[in-house]
Amino acid sequence: MRIARLQTPSGPTHAVLRGERWEHIEDAFADGLSFTGASTPAADAELLAPVRPAVLLGIAQNLGNNSHPLPIQAWHKSVHTVAAPGADIVAVRGAGTVNIEGELAAVVGKRAENLTLENALEHVLGYTVVNDVTNVEQNQADEKMFQGKAGPNYTPLGPWIETELEDPDNVATTVTINGETRAKSGSFNLSSSVAACLVYVTRWLTLEPGDVIMTGAPNTFVAVQPGDRVDITLDGIGTLSNRVV
């Protein structure tokens, strides 16, 4: 099932895709879906970021890009960087190379603390595509990774949440820049599973519905310039598209 967040005349609302229409729902995180009776044609829908998380976490040292000897660690990224599908990424200039990073993101569905490998995925509502935009050289100057990751719209998220992904640890990822494929990999190239990431995070921090964990970029980073169009496709979920300005 696909759950999106739409802009409507009465404000943002979550909706479920049924055929060619998005059927509006009361609460995406409730135990059962309650439909409002309103709907939006899919062709007319303005998709927003599928959630507005209170907590947005990245996972470092997940061995997708290197052979770093440290175990995984989590870091905070500002929720003010979250952007909708189609929104412009405003590249911070004069601060080094701007990389886009295509990743699988897990959306928490219910309160999660001290999870285990056995129950971790039961606390996930579903999965979406995330672009963890970074001024990469700034990470060398700022070990907390604040400076390089706080730019305007530096976390496009979407286009929707897929609740029925068969295996989150086996999701192929394709990054396309201006129509040219520049990276192909997937969550199968990350050393730690989604469940392991959730176990680690909830050992230290309780997560609430709508919080988001970016699971790491498995060699899916590409340097970009203003004017570039970025398409990140995760098999079984969809394509997140944004332009760099």
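Numerical summary
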read-out: Criterion (touching a residue at least 12 places away in the same chain (Cβ under 8 Å) and either surrounded by fewer than 18 Cβ atoms within 10 Å (Cβ to Cβ) or touching an Asp or Glu at 6+ places or on another chain (Cβ under 6 Å) (or both)) met by exactly one of E166, E143; value: E166
read-out: Any hit, the range 93-106, residues being free of Cβ contacts under 8 Å to residues at least 60 places away in the same chain, within 19 Å of A183 (Cβ to Cβ) and not polar (S, T, N, Q); value: no
read-out: Tabulated pairs, the range 10-22, first open to solvent by 50 Å² or more (accessible area, probe 1.4 Å), second of a type in the set (D, E, K, R), C-beta under 7 angstrom, 6+ apart or interchain; value: P12/R5; L17/R2
read-out: Selection within the range 117-143 - more than 20 Å from N170 (Cβ to Cβ), β-branched (V, I, T) and in a strand (DSSP E or B); value: T134
read-out: Given (1) within 29 Å of V16 (Cα to Cα); (2) assigned to a loop (DSSP other than H, G, I, E, B), index of the condition N114 fails; value: (1)
read-out: Neighbours by Cβ (under 7 Å, 6+ apart or cross-chain): first from the range 191-213, closer than 14 Å to D169 by Cβ; second open to solvent by less than 10 Å² (accessible area, probe 1.4 Å) and in a helix (DSSP H, G or I); value: A195/A120; L198/A120; V199/A120; I213/C197; I213/L198; I213/V201
read-out: Strands (runs of 3 or more DSSP E) within the range 157-245 that include 2 or more residues touching a Gly at 6+ places or on another chain (Cβ under 6 Å); value: 172-177
read-out: Flag if F188 is free of Cβ contacts under 8 Å to residues at least 60 places away in the same chain and either touching a Phe, Trp or Tyr at 6+ places or on another chain (Cβ under 8 Å) or open to solvent by 10 Å² or more (accessible area, probe 1.4 Å) (or both); value: yes
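The values are calculated or read from the model by the stated rules, or taken from the named source; none is laboratory data. Just so it is clear, the structure is predicted and the values come from calculations on it, not from any experiment. Quick reminder, even Gly has a Cβ in these numbers, built from the backbone with ideal geometry, and neighbours come from all protein chains shown. Surface accessibility is based on the protein's heavy atoms, side chains included, excluding ligands, DNA and RNA. Shrake-Rupley method; radii C 1.70, N 1.55, O 1.52, S 1.80 Å.
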